[in-house]
Each structure stands twice: as C-alpha cells, then as structure tokens.
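Working notes for the structure below.
The values are calculated or read from the model by the stated rules, or taken from the named source; none is laboratory data. Quantities reported herein were computed from a predicted structural model and do not represent experimental measurements. As a convention, Cβ positions derive from the backbone with ideal geometry for all residues, glycine included, and neighbour counts pool all protein chains shown. Heads up: the accessible areas ignore ligands, DNA and RNA and are worked out on the full protein's heavy atoms, side chains in. Shrake-Rupley method; radii C 1.70, N 1.55, O 1.52, S 1.80 Å.
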There are 2 protein chains.
Amino acid sequence: MKEPDFTTSLELLRWIGWAQRKAGEDWIRERDLSHEQSFVLGYLTQNPGAIQRDIAAMTRTSAASVSSLLQGLERRGLVERRADGESARIKRVYATRAGVELISGFDTAMAGTEEVILAPLSPEERATLHDLLTKITSVMPRPTR
Amino acid sequence: MKEPDFTTSLELLRWIGWAQRKAGEDWIRERDLSHEQSFVLGYLTQNPGAIQRDIAAMTRTSAASVSSLLQGLERRGLVERRADGESARIKRVYATRAGVELISGFDTAMAGTEEVILAPLSPEERATLHDLLTKITSVMPRPTR
DNA sequence: CATTGACAGTTAGATGTCTAACGATTAGAG
DNA sequence: CTCTAATCGTTAGACATCTAACTGTCAATG
C-alpha cells in the first residue's frame, strides 16, 4: 500500500506560494483591500507621481483596470490623482498619508508569517533551504516590489 | 551578529511564487480562467469526488465562494456536481473530461518551467530541496490521497 | 417521534476586475 | 495651420468574488 510520490518540487513551491498569498489575504482583507489594490498602493509609496500607464505595465494589466482600481482607492482617500503641469493627458498618482500608513504595515506583517511557515524545520534545515533558494533565485528576474 | 543577508527565506519563496504566478498567468488567461478556478480545477483532478466543504478548507475561502466558483466552472462544462448516495446534503464534485484536459495542459506547461527554475541545482540538491519542501507542506491543509 | 442544533450548500447584494469601445490630448508631417 | 496617428485615460457591460442571511438535511437527545 505504498503511495508513489507524484508531487514535484514545483508543485510544492506553488503550494507554498498559494499559502503565502492566503496569509497575506487575511492582512489585506482586514483593511478591505484586494491583492491588486495592495500591490499598487505599495508601488505608489515607492514611486510617487507614477502615471497610470506605468502602473499598468508594472502590474501586467490594462490601463482600464488601473483606472477602475484607482477609482476605488481614490474614493476611499488612499490615493490622489493630480494633473501634470506639462501634459494635460497624463495624471500623476500619489498615495495619500492615509494610504501610506495603511500599507506600511504589510511587509512587517508578512515577515511574521515566516516563523509559521518554517516551523517544521530545524535551524540547520532552514539554513540549507535558504542556501538552495538563494541559488535558484540568483538566476531569476527580480520582482518589481 | 547580524549577517549581511537582506533576503529571508520567506522573501525568496515569495519571489519564486511570484515568478511562477506570472508564468502561469498568461497560460490561464488564454483559457479564460482565474487563478482560483485553475487551482480548484487542478485540485479536483487529483481528488475526484471532493465535497465543497473540503475545497473551501483547501483554498482557505468560504463555502459560498466555492459555490459561486463551481457554478462558473459548471456553466462551462468543466466540472460536474452529483448527488451523493449516502447523504442528501453533500454533493460530490468531479472535473469533466474537458476540465481534466484543460488543466492537464497547464500541468505540462508548468512542468516545463520546473527545469528552468531548478536548473542551478544538482540532483542531490534537488532531492534535499524536495525533502525540505515536503516537510513544510506536511503541516499545511493538503489534498489527502 | 419531535425538537434542537450542527452541518452542507445556495442566494442576494455589493464590490472588484476585465475586455471592448470610446473620448481627449499630443506630436509630427505636409 | 490642419490632418493624422499614436498616446493616456475613461466608461459600459459582463463576470468573479466576498459577506451575510438563507434553505434543506442529518443526528443526537429526550
């Protein structure tokens, strides 16, 4: 009655990624944000005055989706769109003070989940895992956040 | 003393997950699936006859969300819900032939990326990684075979 | 049996997101 | 200057997802 192991490392990684996504979901849901909204809000705190077209490229979505998304954030006062002095067809987007404060806790909250996810591993195993993951990511394109 | 290491394992995992997510996004979008739908469809091919409550636990969402999600998949003929012989209040969910075929293409497409992602590792390192990932995921809600 | 409470699933309503079509503005060529 | 094409952004309509309230079923207790 042995069970053959059909689970590849890739599937395990996907699975962990899913769990992380869900962990972050709890945090952002308490703030009534969607994944996309939190991502864009985080991007705006690091790139104040970005224009919508750049945000669309960054999030790999369309300009229309960014427009809708920003409408939602603006309605809640988390984001501001101001006309540009140079060109009348672009709008520069800024996270408001409230927006910055809301998203600022996200990264630290995510750091707290590390302990939970790595709980089954000994310190030595964690070091080994960290080594292997570093090797893998050393040849990957960097995420934009 | 603090090591000059700015990247935690969690961040590395998130990073890998991000790359995988983006890689799969194009494939999924061509089939008009959402991430959640593809995840559930994949789960159903591995766990035929699962009940909705288990799917909800697995995806960490509510029974209501699963209900809506399955309605969308059922409308497109990718999934089937049949009454259970034992209990009248549960429905067993199955991926249809079309559903299995649709998602199996995803697995093969994703499998191609495994080589790319694990390229920097030797066979021994891959085995070690697989072992560590298995330990991590063993304490997470998992499809029971 | 009858009642009660837990359980599996659905529906209603609100919000978010996506695709397609549509204004509006700018730069460049004639 | 005027026309055209590219660029930036919005709107409309369809679908997906979530929360809260709901129906129907089972099982335990008396």
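Annotations for the structure displayed:
- Selected residue (criterion: modelled with the lowest pLDDT) from residues of the range A:35-82 that are more than 8 Å from DNA strand C (Cβ to nearest atom) and in a loop (DSSP other than H, G, I, E, B): A:ARG60
- Only one of the numbered conditions (1) open to solvent by 70 Å² or more (accessible area, probe 1.4 Å); (2) within 30 Å of B:ALA127 (Cα to Cα); (3) in contact (Cβ under 8 Å) with a residue 40 or more places away in the chain is not met by A:ARG14, and that is (3).
- Some residue of the range A:111-127 being of a type in the set (Val, Ile, Thr) and within 15 Å of DNA strand C (Cβ to nearest atom): no
- Unique match (being among the charged types (D, E, K, R), within 30 Å of B:GLU115 (Cβ to Cβ) and not in a loop (DSSP other than H, G, I, E, B)) among A:GLU115, A:GLU125, A:GLU101: A:GLU125
- Single residue of B:GLU86, B:GLU80, B:GLU74, B:GLU124 found to be away from chain A (no Cβ under 11 Å), on the phi < 0 side of the Ramachandran plot, open to solvent by 40 Å² or more (accessible area, probe 1.4 Å) and away from DNA strand D (no atom under 11 Å from the Cβ): B:GLU80
- Residue within the range A:46-64 that is closer than 30 Å to B:THR128 by Cα and either of a type in the set (Ser, Thr, Tyr) or open to solvent by 60 Å² or more (accessible area, probe 1.4 Å) (or both) present: no
- Scanning the range B:83-104 for residues that are within 10 Å of DNA strand C (Cβ to nearest atom) and within 20 Å of the chain's Cα centre (by Cα) returns B:ARG92, B:VAL93.
- Residue within the range B:22-31 that is over 22 Å from B:VAL116 (Cα atoms), open to solvent by 60 Å² or more (accessible area, probe 1.4 Å) and in contact (Cβ under 8 Å) with a residue 60 or more places away in the chain present: yes
- Only residues that are open to solvent by less than 80 Å² (accessible area, probe 1.4 Å) and more than 14 Å from chain A (Cβ to nearest Cβ) were counted in the range B:93-113, giving 9.
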